[in-house]
């Protein structure tokens, strides 16, 4: 009996139910137009987690405040939906008019519990010569205040490319043959509903509680720009208490077996 109990308890430790992957799906979640921070609780216990998106426009240096929307940008360009080439996809659209290359927008995604397997797409990182050249950069993450490094960044490559900025890997709109601001008419302007401006952001198995990145215009022009943050995926780290709760029972079973000998 003791041997059987020990095996049952051990199997419970080894085969604890894993937490399900959770998704921030902008086609079903609401983001009040123009708001700067919103939180969403996803899943059901034990796989629940609250994620908060914060868009800090304090350093935007824009001719009008940066704004954020789901789907089309009202009163500006109703065709801008930024689906990244996935039919029916909605994204969190961030709009700005960076009047100098010094301005930037700071984007933070935080979690109330440790998570791993975080990945998402950024849409419409591209170039229109003499008007904008999107740059997403300074990707960082942390786990309860301890730095955990940056993600793997994979640009689509059609309208953007990898670069190094501030000493870390970044993605920028592809440079036209004549150079941004030059005389060449070629542009690398991705259609918002196609994948040419996509950037895949993957934190892999790194356990994090917060990630951050910045977006700016490397062409000191004056024109409206947009990027979109697509669906965001993550998995909550199982609580250690689920395993620790079984340890006294394992110890009891072991002691009974020892006394029986």
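A few points about this structure:
- In region 83-101, the residues that are more than 15 Å from residue 34 (Cβ to Cβ) and not in a loop (DSSP other than H, G, I, E, B): 98
- Each residue in region 151-161 was checked for being touching a residue at least 40 places away in the same chain (Cβ under 8 Å) and buried (at least 17 other Cβ atoms within 10 Å of the Cβ), and 4 pass.
- Out of 74, 87, 17, sole residue that is loosely packed, with under 14 Cβ neighbours inside 10 Å and modelled with pLDDT of 75 or more: 87
- Number of the condition not met by residue 28 [criteria: (1) over 21 Å from residue 125 (Cβ atoms); (2) modelled with pLDDT under 80; (3) part of a loop (DSSP other than H, G, I, E, B)]: (2)
- Considered as a group, the residues in region 38-67 that are exposed (fewer than 13 other Cβ atoms within 10 Å of the Cβ) and modelled with pLDDT of 90 or more include one that is farthest from residue 226 (Cα to Cα), and that residue is 41.
- Inside region 118-149, residues that are closer than 18 Å to residue 53 by Cα, in contact (Cβ under 8 Å) with a residue 40 or more places away in the chain and outside any strand (DSSP E or B) make up a count of 1.
- In the condition set (1) surrounded by 14 or more Cβ atoms within 10 Å (Cβ to Cβ); (2) under 26 Å from residue 60 (Cβ atoms), residue 164 is compliant with all but (1).
The values are calculated or read from the model by the stated rules, or taken from the named source; none is laboratory data. Note that this is a predicted model, so its numbers are computed, not measured. Cβ coordinates were reconstructed from backbone atoms using ideal geometry, including for glycine residues, and neighbour counts include every protein chain displayed.
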